[in-house]
1. Per residue of segment 192-200, what does 6.51 cos²θ - 1.76 cosθ + 1.60 with θ = phi - 60° give for ³J(HN,Hα)? Whole Hz please, x for Gly and Pro, Karplus curve as stated.
2. Near LEU191, within a Cβ-to-Cβ distance under 14 Å, what is the net charge of the other residues, with Lys and Arg +1 and Asp and Glu -1?
3. Percent relative contact order of segment 305-390, based on C-alpha pairs within less than 8 angstrom and at least six residues apart?
4. Expressed as a whole number of Å, what is the distance separating the alpha-carbon centroids of segment 27-68 and segment 82-100?
5. Kindly work out what percent of the DSSP beta bridges joining two residues of the chain are antiparallel, to the nearest 5.
6. Please give the FRET efficiency for ASP261 paired with ALA103, using the beta carbon to beta carbon distance and R0 = 45 Å, rounded to the nearest 0.05.
7. Would you mind computing, in nm to one decimal, how far apart the modelled labels at ASP43 and ALA330 are, each placed 7 Å from Cα along Cα→Cβ?
8. From Cα pairs below 8 angstrom and at least 6 apart in sequence, can you work out the relative contact order of segment 107-202, rounded to a whole percent?
Amino acid sequence: MTKSRTKLPLLYCLLLWIVAASSIAASTANFTLSVFGNANLDDTINEQDVAYVQDVIKGTKAPTNLTDANHDGKVDEKDIEQIKQIINGTEKELIIYDDSGDAVTINEPVSTAVASSREYDEALRAIEATDSIIAVDTGVKNSSAYFPELGKLPGIAGEYGKNPDYEAVLKLKPDVYLSGFSNYEQDKKSLSGISAIYLKLWMPEGFTERVAKLGYIFNKREEARQYIQWHNDTIETIKEKIAGQSGKSQPRILLASVYADGIHVHTNQSGGGQIPGIIGVKILGEDLIGSHPLLDPEWVIKQNPQVILLLDIPDSIPKGYGTNDTSGMAAYRDEFMKDSSFSKLDAVVNGRVYLLDGKSMTYTGSYILSIAYMAKLFYPELFKDFDPRAVHQEYLKMQGLDYNLKENGVFVYPPIEGR
């Protein structure tokens, strides 16, 4: 796939309302890369790790859980050799901790991969590693507007990795199988001889470390670094703007999703519920039990939110990249606002009820788009000169997509003024 990646300077041009780029602290990563060989537990593997292992061998430093680079149970010169190979990109094996807690050994280089859930497709596309993907989930296959090339690949699992066809995967013999949330434990049991890896790329917390890990697995470290820097800098510009409101009251915000059994509140245990907190915004019910508890009308009346944001609405309502039709969203919003349980809430009375296309901007690295749109919706005066589409368009360019947001797509309703 031919990709035209927009570099960081364009982002700063698009966000002229922010503080000077030199003040942005997020360009420095703040995670531990959980790849064996990262002996000093920072965000990369380099000569400092060689020196650290040498000190461990001498007895002047204590080993860490990643010092044993070749994972053979002892720290010796072989670990130094493994680290040097990783630095040079010539390692025969790479050993990582994935989000199941397993130490997974991956034969390198990786040339084929099955992505069982769309969050992997987006992350790999952002670091220019989609040439390795040989099969996808049905959600990707059914999203031709957003995945025009990947959607042509074989489908081996239901949306988000549900009910994978293990027989089909074993016939493909991929170097790695990227597991979705629903089946990762069974995936590891059923795919003998294939490195099954589970990374929570749908969760904002720890996202950048997982992207960096993909950079090592697929030998796209520099591309991953650039993506992480853009991601962190973009968030920091928004976060700093909101932090300037310290001491001022923030709006009472309810974040919810509509599922088959009713409306559910997002807490800080859900992927979507973590998004506002990244930029310092609190949501009502963030400490409720569970990740998506069913909404209690009496509770929401007592909370009286000033802003209501529905992240997920029924799939039958047109939205996203494949439509320009806003009538379905408009009708659904009207129906919601007329509900007797909500009609007297401040958010409804003042018309601050918004619908967001959750599938397009949550549960993958696209959650950064939710951050941009939320900032505008939650603080319209503070972000009056900010167009979330600038961030959205930049993200699409990183995805290798030539897509004009001014002419196509339905992602938020009502439309944001000035869009």
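1. These are the phi-based 3J(HN,Hα) values: 4, x, 10, 6, 8, 10, 10, 10, 7 Hz.
2. Numbers: positive: LYS171, LYS173, LYS188, LYS189; negative: ASP98, ASP102, ASP165, GLU167, ASP175, GLU185, ASP187.
Net charge in that neighbourhood comes out at -3.
3. Working: 81 pairs, mean separation 28.2, N = 86.
Answer for segment 305-390 is 33 percent.
4. 13
5. Working: 14 of 33 bridges.
Antiparallel bridges: around 40 percent, rounded to the nearest 5.
6. Details: r = 39 Å, r/R0 = 0.86.
So, using R0 = 45 Å, E works out to roughly 0.70.
7. The two pseudo-label positions are separated by 4.5 nm.
8. Values: 174 pairs, mean separation 27.7, N = 96.
Computed over segment 107-202, the figure is 29 percent.
Throughout, read-outs are computed from the coordinates displayed, never taken from laboratory work. Every value quoted in this text rests on a predicted model; they were computed, and no experiment measured them. Note: ideal-geometry Cβ built from the backbone for every residue, glycine included; neighbour counts use all protein chains shown.
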